[in-house]
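Before we start, here is the structure in question, set down as structure tokens.
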Amino acid sequence: MSRITPLAVEDLSPELRDAMGFAEDLMGFTPNDVLAMARWPAFLGAVKTLVDVVYSAKELDDVLKRMIATVVSGAAGCRYCQAHTAHGAVKMVGADAAKITMVWEYETSELFSDAERAALRLALAAGGQPNAATDDHFTELERHFSTQQIMEIMGIISVFGLLNRWNDTLATTLEETPLNFAKATLRENDWEPGRHVR
């Protein structure tokens, strides 16, 4: 159970309902983290703006963005965000479900390109504590991505740094839609909040 009780949808102001609509459009369901953030409307507005900026940038492929978010969330131990981003990759942006199932095998699976491997290596290194990102990660990224694309990779990693800390610390209750998707698709069996993937 979440350590901060989310607001009920019917209790949201018209402005907050607009933010909820944005989240539902992005994810395909009503997210509990947004309902909890709605208790602090200014914070929710800032997070919405940040998420909108990162996801609306279009130089980086949407599927890769979701895979980066899945790996960084798994590295940080946030099951809530890992389930959300894997679900979003398949259901919202059309990723191949087999590829998302194999996302932790990116180093060896033929489903992943060298560019994707470079981005996912950085996501894994940056998501853990202490941060393990090195100059070598960026040298490899520069072989495959423009500066703007690298900025978008960093944007996704950074947004999920915030969301991972919020949701894992609060033990946000994972909604039925992404929970069922994660149980059916991802490699781990235990999808309780606060349980680390690695």
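The values are calculated or read from the model by the stated rules, or taken from the named source; none is laboratory data. Given the structure is predicted, the values throughout are model-derived calculations rather than measurements. No Cβ is skipped: glycine too gets one built from the backbone with ideal geometry, and neighbour counts run over all protein chains shown.
Before we move on, is Val71 surrounded by fewer than 24 Cβ atoms within 10 Å (Cβ to Cβ) and assigned to a helix (DSSP H, G or I)?
Details: surrounded by fewer than 24 Cβ atoms within 10 Å (Cβ to Cβ): no; assigned to a helix (DSSP H, G or I): yes.
Answer is no for this residue.
Right, something else. Hey, can you tell me all the residues within the stretch 74-86 that are closer than 21 Å to Tyr106 by Cβ and either among the polar types (S, T, N, Q) or assigned to a helix (DSSP H, G or I) (or both)?
Going residue by residue through the stretch 74-86, those that are closer than 21 Å to Tyr106 by Cβ are 74-79, 81-86.
Residues satisfying the conditions are Gly74, Ala75, Ala76, Arg79, Cys81, Gln82, Ala83, His84, Thr85, Ala86.
Let me ask something additional. With respect to Lys48, is the statement that it is of a type outside the set (A, V, I, L, M), touching a helix residue (DSSP H, G or I) at 6+ places or on another chain (Cβ under 6 Å) and over 16 Å from Pro178 (Cβ atoms) true? Lay out the reasoning, then the answer.
Details: of a type outside the set (A, V, I, L, M): yes; touching a helix residue (DSSP H, G or I) at 6+ places or on another chain (Cβ under 6 Å): yes; over 16 Å from Pro178 (Cβ atoms): yes.
Answer is yes for this residue.
Tell me, which helices (runs of 4 or more DSSP H) wholly within the stretch 129-188 include 3 or more residues that are touching an Asp or Glu at 6+ places or on another chain (Cβ under 7 Å), charged (D, E, K, R) and at pLDDT 95 or above?
On the way: elements: 135-144, 147-170, 176-185.
Those helices (runs of 4 or more DSSP H) do not exist here; none qualify.
Go over the candidates Gly21, Gly94 one by one and state the one that is surrounded by fewer than 23 Cβ atoms within 10 Å (Cβ to Cβ) and at positive phi.
Numbers: Gly21 fails: at positive phi.
Exactly one residue qualifies, and that residue is Gly94.
Looking only at residues in the stretch 20-63 that are among the aromatic types (Phe, Trp, Tyr) and part of a helix (DSSP H, G or I), which one is modelled with the lowest pLDDT?
Step one: filter the stretch 20-63 for residues among the aromatic types (Phe, Trp, Tyr), giving 22, 29, 40, 43, 55.
After this cut, where a residue has to be part of a helix (DSSP H, G or I) as well, the list is 22, 43, 55.
Numbers: Phe22: 80, Phe43: 96, Tyr55: 94.
So, considering only residues that are among the aromatic types (Phe, Trp, Tyr) and part of a helix (DSSP H, G or I), the one modelled with the lowest pLDDT is Phe22.
In the stretch 64-76, is there at least one residue being among the hydroxyl-bearing types (Ser, Thr, Tyr), within 21 Å of Ala125 (Cα to Cα) and modelled with pLDDT of 95 or more? Outline the logic, then answer.
Going through the stretch 64-76, the residues among the hydroxyl-bearing types (Ser, Thr, Tyr) turn out to be 70, 73.
Subset that is within 21 Å of Ala125 (Cα to Cα): 70, 73.
Right, trim to modelled with pLDDT of 95 or more and you get 70, 73.
Taking every residue of the stretch 64-76 in turn, at least one turns out to be among the hydroxyl-bearing types (Ser, Thr, Tyr), within 21 Å of Ala125 (Cα to Cα) and modelled with pLDDT of 95 or more.
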